[in-house]
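Please read the structure below before turning to the comments.
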Amino acid sequence: MYRNTLILAASLIVGLASLSANEVDLSTLFEERIKSVVSVEFFIQKEIDRESRETIGLVLDDNGLIILAEGTVPSWTPVSKFEDFTVYIPGKDHKGYDAEYLGQDYLTGWDYIRVEEAALEEVMAIQNFEVAEPRLGESIWGIALLPKDYDFAPGLLKAYLGLTRDMPHRMHFTDQDIASPGAPIFNMHGDFIGWGNQGVPEDKIMYMGRESYSVGLVSPRGTRVFHDAADFLERAFRVPAMVTGSPRPWIGIAGMQPVDQDAAEFLGLENQGAVMISNVIEGGPAAAAGLLGRDIVTGVDGEPLPKFRPDSIVLREFEERLRKKSPGDTVTLAVVRGDGGAREELSFEVGQAPTHLRDAPREYFSDLGFSVRAFTLFDAIGRRVLSLDYTGVITQFVRPNSSTASAGLLPGDWIQEIDGIPVNTYDDAIHLITTITEDPSREEFVLLISRNNETQVLRVKIG
Amino acid sequence: MIIQQINRLAGLLCLAPFFLHAGPESNGSFKNLLESVVRIDVWQASYDQGSKRTTRGVGSGVIMTEAGHILTNAHVVSPKAERIRVTLANLERVEANLVGWDHWTDLALIQLDIEQVAERGMQFTHAEFGDSTILFPGQEVFAVGTPNGLSRTVTKGIISNATRYFEGALGFGGYETGHFNTWLQTDAAINPGNSGGPLVTDDGHVVGINTRGYLGSNNLGFAVPANTARYVMYALMDSERITRSYVGIVPGPLQDLEDFFNLDVNQGMLVNSVDPGSPAKLAGLRPGDIVLSIDGQAVDGRFPEQLPPISNIIASTPVGDPIRFEIKRGDTLEVIEVVTEGLESRVGEEFAFEDWGLSVRDVSRAIARERQLDNDNGVMIIGTQPAFPASRAGVHPGDIITKVNQQSLEDLTQLQSIYESFESDPNKVLLEISRNHQISLKVMQPN
């Protein structure tokens with residue numbers, strides 16, 4: 001009895017001791033580790049509007065390479081529109097440091113900047129900390145930043161690990177907010193265990209009077225989901241070689257849909273993933289190799305696609321396997337023919353993607369109040385042109401109450417003729433419009449545009 | 001001589017009050033008109049929720065013949081009507097049957113059940129058409145009908161505009177309306193339930209069929225002109241439907257574009273768009289072409305209001321006949337001959353497969369062109385019933401079913417026969433659907 005009490009007391013003391021050690025430790029750990037986090041501000045200069053954006057960066061290396069929170073830099077906006085990237089040290093009243101945008105990796109969708117040298121003393125790369133794999137139920141902590149008027153003051157969030165899932169990359173879920181999106185998460189020893197994902201909507205039911213609605217709520221400054229540190233670091237250093245126009249692998253397929261479990265069973269494809277290819281782009285590598293619309297892909301390079309839940313994750317896995325290729329590599333697709341169910345293997349060379357929407361050249365004609373950009377494959381698929389043989393340009397922007405707006409031109413209109421002259425290329429369009437704007441005697445011009453698969457003749461009165 | 005002149009003057013003076021002040025109340029033909037206007041109660045099938053349901057509506061109509069033909073709106077009575085009950089002006093109720101309908105003009109023709117009328121010795125009268133082409137803005141008109149269920153309501157106003165044009169109007173339920181006619185605009189109060197009732201002059205002549213009003217605005221009502229209604233009525237009496245021709249050009253007004261196209265004013269019609277795969281497209285007509293004449297008849301499409309009559313010239317050509325379009329393209333003149341095909345509605349036949357909880361509509365050629373589908377095969381889903389096989393399989397309204405059990409699906413009839421075998425032996429069904437051109441596979445499991 002006496003002995004038992006003694007043991008209990010001893011264990012209590014040990015417990016208290018470890019608790020207080022942790023507490024001391026945590027604030028020290030926090031002070032060291034907040035140096036890996038910065039706040040980043042930048043601007044998007046559009047034709048007439050200017051937008052400011054705020055995001056969080058994680059310092060990756062000792063030379064000021066910073067990765068930005070997922071999804072905070074629009075992937076369709078041309079790089080030339082981004083201006084004035086500024087890095088702020090959390091909690092410091094300082095004008096900030098200049099940074100340069102390095103581009104977006106097409107595999108992960110992650111964006112990078114490099115901050116000027118003067119900032120290097122104030123930051124600490126995440127690489128300098130140990131990496132660990134968190135365990136279910138383990139208490140962990142992360143960093144959250146307050147808004148700009150608080151000088152982005154950093155705070156500490158604590159939670160426990162509730163779930164780990166491969167989607168296909170390993171993601172961890174906590175019981176409550178663990179960090180701001182883009183900020184790091186650590187265990188109680190200070191080991192780096194993950195990178196805050198963008199917030200995932202939480203299902204809630206909202207009652208208003210007698211009505212109830214199901215809503216998804218996202219917290220803008222905190223997330224309960226994070227990328228596993230080891231998996232993150234493996235992919236985090238894919239900094240684009242060029243800020244624009246990095247050559248991307250491409251095979252020329254569109255409209256991929258996961259084959260759900262019931263349908264897979266019907267087709268005799270149990271226990272594996274499968275992806276339906278809706279369309280094949282004429283003139284692309286897959287079409288040349290004989291892939292057809294409605295073919296179902298079941299494997300890449302001899303490896304079957306794994307089964308995932310929800311079904312949509314198999315699509316991510318499939319796309320990632322293709323994106324990991326380089327133009328010129330060979331890819332082998334295991335295919336179940338949509339018509340008849342014959343199984344085939346198609347091997348072919350991966351091509352290079354045509355100009356991406358983000359890299360499409362564009363020009364704003366302020367006198368006429370509109371901007372045009374080159375027609376891209378993205379536009380083609382949206383307009384059911386399933387080949388690389390496309391012409392015309394896209395109306396990118398129309399200034400309200402400008403002469404083009406008065407003529408009825410809308411953003412997204414596909415310009416096919418200018419003054420009755422077919423527009424074959426982007427250069428044709430720029431040449432024709434410039435000629436019009438430079439001729440002071442011109443009073444009007446006429447556009448033939450296509451909108452919702454119907455054409456219209458629009459007359460633009462100049463001035 | 002003088003007396004004669006005085007007599008003549010007196011005669012004129014006697015007549016004058018009649019023209020200036022004779023209200024409809026003092027006028028027998030107006031009373032006759034009031035007796036010709038009926039209330040129409042309709043029970044119609046609806047298929048849009050994954051099952052067949054019955055909806056009920058109230059509208060108006062006007063008896064136009066001795067045989068009891070009643071003109072009303074296509075959006076009041078459609079071929080989906082299961083029961084039509086007419087309330088005559090004398091408050092007697094009698095059943096009626098659909099004779100034909102034409103959503104392009106939003107008109108339908110029904111007929112009183114004449115046997116029932118004879119059996120019960122019922123009396124009715126009929127109204128007369130007036131000439132809608134001589135109406136002028138400011139002219140006094142009356143609307144008669146059943147607004148919000150209030151039978152035999154008369155409202156008064158004027159013609160606000162005699163040739164109102166609505167561009168590219170889609171009418172009720174996705175049906176196209178107003179391509180071949182302009183509208184009479186009136187400020188006589190028109191409310192829901194007035195639909196199908198007559199717009200009349202003070203002598204009781206029907207000059208329009210009240211069709212629509214702007215909700216939330218004051219006194220902006222629209223009627224189908226009587227001249228259109230008369231044509232449609234006799235055509236429907238003749239053959240239950242109106243056959244029109246289609247070539248696939250979308251006209252546009254030429255106003256302000258004459259200089260660019262180097263044209264004299266009041267000449268030609270602009271081809272704004274040519275439907276992909278249409279006869280006009282195949283014959284080589286192009287957007288931006290100017291049609292100078294149609295079968296030798298010069299056309300003038302300078303203003304939007306002038307376009308419906310031109311479209312009507314094309315529509316009135318017998319199906320399968322060639323039409324000669326004299327066109328101007330740049331500086332060259334050309335004659336292009338286009339063989340017409342039958343005009344078809346966007347809205348195909350509908351059906352509900354109740355065991356699947358699935359309502360579908362046949363894919364029409366127009367929908368296939370609009371949505372850039374490869375062809376008009378397949379059926380489009382218009383509704384699903386929650387917790388039934390279709391909704392559990394994850395299909396949505398707007399999806400197009402292109403294959404069933406890995407066999408291409410042609411049309412609704414084919415799906416109906418597949419459904420029959422499902423009813424006798426419920427089994428899993430594999431659907432291939434196209435949603436925004438993305439193909440996916442869905443399995444319906446029996447409930």
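The values are calculated or read from the model by the stated rules, or taken from the named source; none is laboratory data. Note that the structure is predicted; figures quoted are calculated from it, not measured. Counting neighbours? That spans all protein chains shown, and the Cβs are built from the backbone with ideal geometry, glycine included.
When the residues of the stretch B:390-403 are narrowed to those that are among the β-branched types (Val, Ile, Thr) and more than 12 Å from chain A (Cβ to nearest Cβ), which ends up farthest from residue B:373 (Cα to Cα)?
Once the filter is applied, the top-ranked residue is B:401.
Being within 9 Å of chain A (Cβ to nearest Cβ) and closer than 29 Å to residue A:381 by Cβ is the filter here; which residues of the stretch B:432-447 pass it?
Hits for the stretch B:432-447 are B:432, B:434, B:435, B:436, B:437, B:438, B:439, B:440, B:441, B:442, B:443.
Among the residues of the stretch A:88-130, what is the count of those that are without any contact (Cβ under 8 Å) to a residue 24 or more places away in the chain, of a type in the set (D, E, K, R) and not in a loop (DSSP other than H, G, I, E, B)?
Counting residues in the stretch A:88-130 that are without any contact (Cβ under 8 Å) to a residue 24 or more places away in the chain, of a type in the set (D, E, K, R) and not in a loop (DSSP other than H, G, I, E, B) gives 3.
State all residues of the stretch B:277-323 that are among the hydrophobic types (A, V, I, L, M, F, W, C), surrounded by fewer than 17 Cβ atoms within 10 Å (Cβ to Cβ) and more than 22 Å from residue B:342 (Cβ to Cβ); if no residue qualifies, say none.
B:298, B:303
Would you be able to say whether some residue in the stretch A:108-131 is surrounded by 15 or more Cβ atoms within 10 Å (Cβ to Cβ), among the small types (Gly, Ala, Ser), under 17 Å from residue A:225 (Cα atoms) and modelled with pLDDT of 95 or more?
No, there is no match, as no residue in the stretch A:108-131 is surrounded by 15 or more Cβ atoms within 10 Å (Cβ to Cβ), among the small types (Gly, Ala, Ser), under 17 Å from residue A:225 (Cα atoms) and modelled with pLDDT of 95 or more.
How many residues, within the stretch B:328-344, are more than 13 Å from residue B:318 (Cβ to Cβ) and surrounded by 15 or more Cβ atoms within 10 Å (Cβ to Cβ)?
4
Quick one: in the stretch A:240-265, of everything that is within 14 Å of chain B (Cβ to nearest Cβ) and of a type in the set (Val, Ile, Thr), which residue is surrounded by the most Cβ atoms within 10 Å (Cβ to Cβ)?
Only one residue tops the list, namely A:259.
I need the full set of residues from the stretch B:147-167 which are closer than 18 Å to residue B:304 by Cα, over 19 Å from the mean Cα position of the chain (by Cα) and either in contact (Cβ under 8 Å) with a residue 40 or more places away in the chain or not assigned by TED's automatic domain parsing to the domain that holds residue B:202 (or both), in order please.
B:160
Of the conditions (1) crowded, with 20+ Cβ neighbours inside 10 Å; (2) within 14 Å of chain B (Cβ to nearest Cβ); (3) among the acidic types (Asp, Glu), residue A:228 clears all except one; give me its number.
Failing condition for residue A:228: (2).
Just checking, how many residues over the stretch A:221-257 are more than 30 Å from residue B:395 (Cβ to Cβ) and either β-branched (Val, Ile, Thr) or assigned to a loop (DSSP other than H, G, I, E, B) (or both)?
Of the residues in the stretch A:221-257, 18 are more than 30 Å from residue B:395 (Cβ to Cβ) and either β-branched (Val, Ile, Thr) or assigned to a loop (DSSP other than H, G, I, E, B) (or both).
Restricting to the stretch B:51-81, count the residues that are within 18 Å of residue B:173 (Cα to Cα) and in contact (Cβ under 8 Å) with a residue 12 or more places away in the chain.
Of the residues in that region, 18 qualify.
Consider residue A:457 against the criteria (1) farther than 20 Å from residue B:270 by Cβ; (2) modelled with pLDDT under 95; (3) surrounded by 18 or more Cβ atoms within 10 Å (Cβ to Cβ): it satisfies all of them except one. Which criterion is unmet?
In the conditions (1) farther than 20 Å from residue B:270 by Cβ; (2) modelled with pLDDT under 95; (3) surrounded by 18 or more Cβ atoms within 10 Å (Cβ to Cβ), residue A:457 misses (1) alone.
If you check residue B:312 against the conditions, is it modelled with pLDDT under 95, of a type in the set (S, T, N, Q) and farther than 30 Å from residue B:261 by Cα?
Taking the combined requirement at face value, the residue does not satisfy it.
Kindly evaluate residue B:373 against the criterion of being assigned to a loop (DSSP other than H, G, I, E, B) and either at pLDDT below 90 or assigned by TED's automatic domain parsing to the domain that holds residue B:161 (or both).
It is true that residue B:373 is assigned to a loop (DSSP other than H, G, I, E, B) and either at pLDDT below 90 or assigned by TED's automatic domain parsing to the domain that holds residue B:161 (or both).
Is it the case that residue A:268 is exposed (fewer than 15 other Cβ atoms within 10 Å of the Cβ) and within 14 Å of chain B (Cβ to nearest Cβ)?
Answer is yes for this residue.
What about residue B:367, is it within 12 Å of chain A (Cβ to nearest Cβ) and over 21 Å from residue A:295 (Cα atoms)?
For residue B:367, the condition - within 12 Å of chain A (Cβ to nearest Cβ) and over 21 Å from residue A:295 (Cα atoms) - is met.
Looking at (1) within 14 Å of another protein chain (Cβ to nearest Cβ); (2) assigned to a loop (DSSP other than H, G, I, E, B), which is the only condition residue A:200 fails?
Every listed condition holds for residue A:200 apart from (1).
Taking strands (runs of 3 or more DSSP E) that fall entirely within the stretch A:344-463, which contain at least 1 residues that are in contact with a helix residue (DSSP H, G or I) (Cβ under 7 Å, 6 or more places away or on another chain) and within 14 Å of another protein chain (Cβ to nearest Cβ)?
The strands (runs of 3 or more DSSP E) meeting that bar are A:414-418, A:444-451, A:454-461.
Anything in the stretch A:331-343 that is in a loop (DSSP other than H, G, I, E, B) and within 27 Å of the chain's Cα centre (by Cα)? List them, or say none.
Once the filter is applied, which keeps residues that are in a loop (DSSP other than H, G, I, E, B) and within 27 Å of the chain's Cα centre (by Cα), the stretch A:331-343 yields nothing.
Identify the residue in the stretch A:290-308 that is on the phi < 0 side of the Ramachandran plot, surrounded by fewer than 18 Cβ atoms within 10 Å (Cβ to Cβ) and touching a residue at least 24 places away in the same chain (Cβ under 8 Å) and, among all such residues, is nearest to the other protein chains (Cβ to nearest Cβ).
A:292
Which one of B:345, B:359, B:364 is under 24 Å from the mean Cα position of the chain (by Cα), within 27 Å of residue B:400 (Cβ to Cβ) and free of Cβ contacts under 8 Å to residues at least 24 places away in the same chain?
Among B:345, B:359, B:364, only B:364 is under 24 Å from the mean Cα position of the chain (by Cα), within 27 Å of residue B:400 (Cβ to Cβ) and free of Cβ contacts under 8 Å to residues at least 24 places away in the same chain.
On the given criteria, is residue B:269 under 22 Å from residue A:455 (Cα atoms) and not assigned by TED's automatic domain parsing to the domain that holds residue B:375?
Criteria met by residue B:269.
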